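Engineer: Before anything else, here's the structure in question.
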Amino acid sequence: MNLFRRLMRFFFHHFYHSFAWTYDFVASLVSIGRWDDWVQAVIPFIQGENVLEVGHGPGHLQYKLIDANRFNVGLDESAQMGRLAKLRLLGAGQNKFKLIRGQGEMLPLKAETFDTVISTFPTEYIFEQQTLSEIYRILRSDGLLIVLPAAWIVGQKLLDRGAAWLFKVTGQAPAFPHTVISQRLAPVFKNVGFKPEFKIIEIRSSVVLIVIANKSLVKI
C-alpha cells in the first residue's frame, strides 16, 4: 500500500470517528451541496418493507426511510456516527428507529431478514467477499443489495472543476470511467451469488454510479 493510500485511510478513519461531527459540513462542501441528493438517489430502487442500511453515517437516509414507514435498521461501526444519527432522528421527532453498532464483515443479524440492503459511499470493505457473503446471508430470497460507490461532478464551472479535482484526489470519485469500475466490480458480486446491474443517474451537473445486485439462488 503506497503512502498516499495509507494517508487516505488514516484521514477517513478519523473523519468517521473522532471528527464525525464535521461530516455534514465536509460532505456538503466537497459536493457543492449535492451530497444529500446523491444519497437519496438510491431510494427509488429500494424494494420491500424491511431495509438495512450498512454505514448509516449521520442518519440522513435513516430519516427518509423511517418517514416512508419502512421497517428500517441502521448499522455503523462508528460509535460517533451512531450518536450523531440518534440525535438527528430524535431532534426530528422520530423515536421509532433501530440503530446498531457492528461491522459489515460480521453482521449481528438473522439470516433472510431483509428485503433490501443499502450502502452509500462506503469504503472498500463493502466489496470484500466476507462483507458481501454476510449481506447475501441476511437478504431474503430475491432480495436486493444497493450500493452507491462513487459520484463524479461533470459540470464545467470553476467550483465544479475544483470539487471534481478534490473528489478525485481523495478517492471518492475514481479516476477511471464508471464503465471500467462496473467491469471490475461485476465478478466480485457474481462470485458471492449476486446478479449485478449498474446504473448511471444524472443529478445537477454530476453523475452517480448505483449498483443493484439481486440475490440469486445459484451462483452465476
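This table checks each residue for (1) closer than 25 Å to ARG184 by Cβ; (2) not in a loop (DSSP other than H, G, I, E, B).
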site: VAL30; (1), (2): yes, yes
site: HIS56; (1), (2): no, no
site: GLN62; (1), (2): no, yes
site: ILE66; (1), (2): no, yes
site: GLY93; (1), (2): no, no
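Engineer: Between a first residue in segment 143-155 that is without any contact (Cβ under 8 Å) to a residue 60 or more places away in the chain and a second residue that is aromatic (Phe, Trp, Tyr), which pairs have beta carbons less than 8 Å apart while being 6 or more apart in sequence or on different chains?
Structural biologist: ALA150/PHE121; TRP152/PHE167
Engineer: Right, next: Return only the number of the condition from (1) free of Cβ contacts under 8 Å to residues at least 60 places away in the same chain; (2) touching a helix residue (DSSP H, G or I) at 6+ places or on another chain (Cβ under 6 Å); (3) surrounded by 15 or more Cβ atoms within 10 Å (Cβ to Cβ) that GLN103 does not satisfy.
Structural biologist: (2)
Engineer: Here's a follow-up. Against the conditions (1) at pLDDT below 95; (2) touching a helix residue (DSSP H, G or I) at 6+ places or on another chain (Cβ under 6 Å), where does HIS14 fall short? Just the number, please.
Structural biologist: (2)
Engineer: Further, regarding this structure: Which one of the conditions (1) more than 23 Å from SER216 (Cα to Cα); (2) part of a helix (DSSP H, G or I) does ILE126 fail to meet, given that it meets all the rest?
Structural biologist: (1)
The values are calculated or read from the model by the stated rules, or taken from the named source; none is laboratory data. Everything numeric here is computed off the predicted structure, so don't read it as measured data. As a convention, Cβ positions derive from the backbone with ideal geometry for all residues, glycine included, and neighbour counts pool all protein chains shown.
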